[in-house]
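Worksheet: the structure to be examined is printed underneath.
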């Protein structure tokens, strides 16, 4: 499996880059985000994801690890192929996709060409919990590892509140102030629920 290619950029356009190394030119499919990072370079190190099928062997290139991680998560969702994931990464930054999934914003995902309501909902359901485990993601995802948050979530769910509503409220509270006791978190959440 190819992890990355380092070499000279011999041609580049918004959807493809050819990188030559050791006399071999590798053609990689890229997103607009990667294109904007590589377009002025002569040499590069590009991360690779291989898609090997019976009838084709395709390489997808990424300027950074965050984009490749999001791409791999997206293609793990039923109904989202490599081409769709690349369109998503061309339409939104990896960070915007992460935030749309975590906040369950179906409309942002539906606004991407080729993504319908059901696919957007499936992406959110399949990836919402996984995104907190992606290394290098933004601060919002660190809230998932907060023990006080988890205890408050359990308490509020046992009181009969819907888990999805509680999760949103707790994330908002902990974004504003991180070092709260479980009791303080629960009291503030009860005022918002």
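Brief remarks follow.
- The relative contact order of the chain comes to 13 percent, based on Cα pairs under 8 Å that sit 6 or more residues apart.
- As a rough footprinting exposure proxy, the listed residues 73, 1 were ranked by other beta carbons within 10 Å of their own, and the order from fewest upward is 1, 73.
- Restricted to Cα atoms, the chain shows a radius of gyration and a Dmax of 20.1, 66 angstrom.
- The ellipsoid equivalent to the alpha-carbon distribution of the stretch 65-136 has semi-axes of 16, 13, 11 angstrom, derived from the gyration tensor eigenvalues as √(5λ) and listed largest first.
- Fluctuation leader among 160, 114, 81 - the chain, Gaussian network, Cα springs under 10 angstrom: 160
- Cβ crowding within 10 Å ranks 56, 11 as 56, 11, fewest other Cβ atoms first.
- Descending Cα extents along the principal axes, the stretch 146-192, whole Å: 25, 17, 15
- Extension gain for the segment residue 40 to residue 6, taken as residue separation times 0.36 nm less the Cα-Cα distance, is 10.7 nm to one decimal.
- Share of alpha-carbon pairs per 10 Å distance bin for the stretch 1-78, given as whole %: 19, 55, 23, 2
- As a proxy for reagent exposure, 54, 150, 176 were ordered by neighbouring Cβ count within 10 angstrom, fewest first; the result is 54, 176, 150.
Taken together, the values in this text are just the output of simple stated rules run on the coordinates, not laboratory data. Since the model is a prediction, treat every value here as computed from it, not as a measurement. So basically every Cβ, Gly included, is an ideal-geometry build from the backbone, and we count neighbours across all protein chains shown.
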